[in-house]
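For reference, the structure discussed in these notes is given below.
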Amino acid sequence: MAYEKLKEEIITFSKEIGIDKIGFASAAPFSQLKARLEEQQSLGYASGFEKGTIEERTEPARLMPGAESIIAIALAYPTRIKNGPKSVKGDRRGMFCRASWGTDYHIVLQDKLTKLAEFISGKVEGFVCRSMVDTGELSDRAVAERAGIGFSGKNTLMIAPELGSYIYLGEMITNIPIPPDQPLEDGCGDCTKCLDACPTGALVEPGRLNSQQCLAFLTQTKGFLPEEHRDKLGNLIYGYETCQVVCPYNKGIDLHYHEEFEPDPELVKPRLVDLLTISNREFKEKFGKMSGSWRGKKPIQRNAILALAHYKETSALEELFHLMENDPRPVIRGTAAWAIGKIGEEKGFEKIKKALQTEEDEEVVEEMKKGLAFQKQGVK
């Protein structure tokens, strides 16, 4: 009964510090998840961003000896921008996905978990915990699912019926046996809207994602984006969220519960051309507080180049010429060359031909040839 009372006190305190939903789970091994992760790995579907071994990711006691329970939390984030700048010809804008708006959620959720830990420490002598948000070994989704935060959707995202899937997740392993909550029943039913809308087929079946084909993952890679996916990004320069947008649970959801997550319109919809010449220092100063900056400026710049190609933005050609001819990074030179060809101006093709004569990197040469291929296709 003492732990039931403590649980109620924790729930009450969580509301006071702005946690939107809290749940409790046992720290028993995630046996089903282990088998699934092994299968994901064997199929080549893992992203490579995962931390730790499969055992560490599925056995909480390996991460914290004496683990008894796990506390899961969820915070909602907004989906709409007020007075966002328009993307128009001559002044094209990129777009960071909603999950990257406002202050980096890792910081915000970790702060909530720290306050929660301090509260429990004041109630329980000898309390020990280990908290993590997204970058830890445990699967946030598996913990949240076991703790009754929501159910795992066919789009592989955690869906809380009252909050939708626009939520951040975090968890805390503890050494106290807090009574667990009951998992929710699956709520997707026969709906397949997310699978039908996935432009790359990354959702290979309900609840299974091939990360290597997922556009959200690909926007964070640092190499050349696969050519067959380049035009599918549109103006997104970080993340991709069609599988959330089409979900019926997200219809009408726009929750502005946390000031920290409110978007700065100029940051979440930046001028694409400005991103082409931004320095490392400027990038860090401007975008460093956003979670979408974690991979540095290179993937963002590459995606900005692709977005300009998507728009066939002729006003950006001079900047793209400069990148193709002078940038020291092969991925940026090559992507710029491809984009110049995609835009389809005759002077662009001439520039590619000239740059091709002195280019030594084989991958860049290949991209230049792809750019020139648009001339034969008559792209305009």
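At-a-glance table
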quantity: Euclidean distance of C-alpha centroids, region 199-239 and region 303-324, integer Å; calculated: 21 Å
quantity: Residue-by-residue Karplus 3J(HN,Hα) for region 297-308, coefficients 6.51, -1.76, 1.60, Hz, glycine and proline x; calculated: 7, 4, x, 5, 5, 4, 5, 5, 4, 5, 5, 5
quantity: Region 336-380: translational diffusion in µm²/s, Stokes-Einstein, Kirkwood Rh over Cα pairs, 10 °C, 1.306 mPa s; calculated: 159 µm²/s
quantity: Diffusion coefficient, µm² s⁻¹, Stokes-Einstein with Kirkwood Rh over alpha-carbon pairs of region 33-87 at 20 °C and 1.002 mPa s; calculated: 142 µm²/s
quantity: Check: the chain dipole with +1 on Lys, Arg Cβ and -1 on Asp, Glu Cβ, in debye; calculated: 1080 debye
quantity: P(r) weight above 29 Å for the chain, C-alpha pairs, percent; calculated: 48 percent
quantity: Partner aspartates and glutamates for residue 297 [C-alpha distance under 15 Å; skip if fewer than 8 residues away on the same chain]; calculated: 274, 282, 285, 327
quantity: Helix-derived mean residue ellipticity, 222 nm - over the chain, DSSP H n ≥ 4, -39500 (n - 2.57), to 500; calculated: -12000 deg cm²/dmol
quantity: Flagged links, alpha-carbon separation over 19 Å, of 347/370; 89/342; 21/289; 15/123; 154/222; 347/369; calculated: 21/289; 154/222
quantity: Gyration tensor verdict on region 1-79 (Cα atoms; rounded if a/c is under 1.5, prolate if a/b is larger than b/c, oblate otherwise); calculated: oblate
quantity: Links that overshoot a 32 Å alpha carbon limit, given the list 286/353; 232/353; 82/312; calculated: 286/353
quantity: Note, ³J(HN,Hα) from phi for region 25-32, Karplus 6.51, -1.76, 1.60, rounded to Hz, x at Gly and Pro; calculated: 9, 6, 9, 5, x, 8, 5, 5
quantity: Charge dipole of the chain about the Cα centre (unit charges at C-beta), most positive-ward option of 352, 61, 239; calculated: 352
quantity: Whole-Hz couplings from phi, Karplus 6.51/-1.76/1.60, listed for region 92-104; x for Gly and Pro; calculated: 6, 10, x, 8, 8, 5, 4, 5, 10, 6, x, 5, 3
quantity: Distance between region 17-72 and region 261-280 - C-alpha centres, whole angstrom; calculated: 34 Å
quantity: Length-normalised contact order for the chain - Cα pairs under 8 Å, 6+ apart - percent; calculated: 19 percent
quantity: For residue 24, residues with placed amide H under 5 Å, excluding near neighbours; calculated: 72, 181
quantity: Partnerless Cys - the chain, beta-carbon criterion under 4.7 Å; calculated: 97, 129, 188, 191, 198, 214, 247
quantity: Cα-based reach from residue 251 at 14 Å (exclusive), listing aspartates and glutamates while leaving out same-chain residues under 8 positions away; calculated: 162, 241
quantity: Order by protection proxy (mean Cβ within 10 Å, highest first), peptides 202-211, 276-285; calculated: 202-211, 276-285
quantity: Sparse-neighbour loop sites [chymotrypsin sites (Phe, Trp or Tyr not before Pro); region 25-71; at most 15 other C-beta within 10 Å; DSSP]; calculated: 49
quantity: Cβ charges +1 (Lys, Arg) and -1 (Asp, Glu), total dipole of region 131-248, debye; calculated: 260 debye
quantity: Computed Rg/Rh of region 240-380, alpha carbon atoms with Kirkwood Rh; calculated: 1.07
quantity: Of 192, 152, 267, farthest towards positive along the dipole that unit charges on Lys, Arg, Asp, Glu beta carbons give the chain; calculated: 267
quantity: Viscosity 1.567 mPa s, temperature 4 °C, Stokes-Einstein D of region 182-233 from Kirkwood C-alpha radius, µm²/s; calculated: 102 µm²/s
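Every read-out reported here was derived from the displayed coordinates using simple, explicitly stated rules and does not represent laboratory data. Owing to the predicted nature of the structure, the values given are computational and were not obtained by experimental measurement. Neighbour counts run over all protein chains shown; Cβ positions are idealised from the backbone, glycine included.
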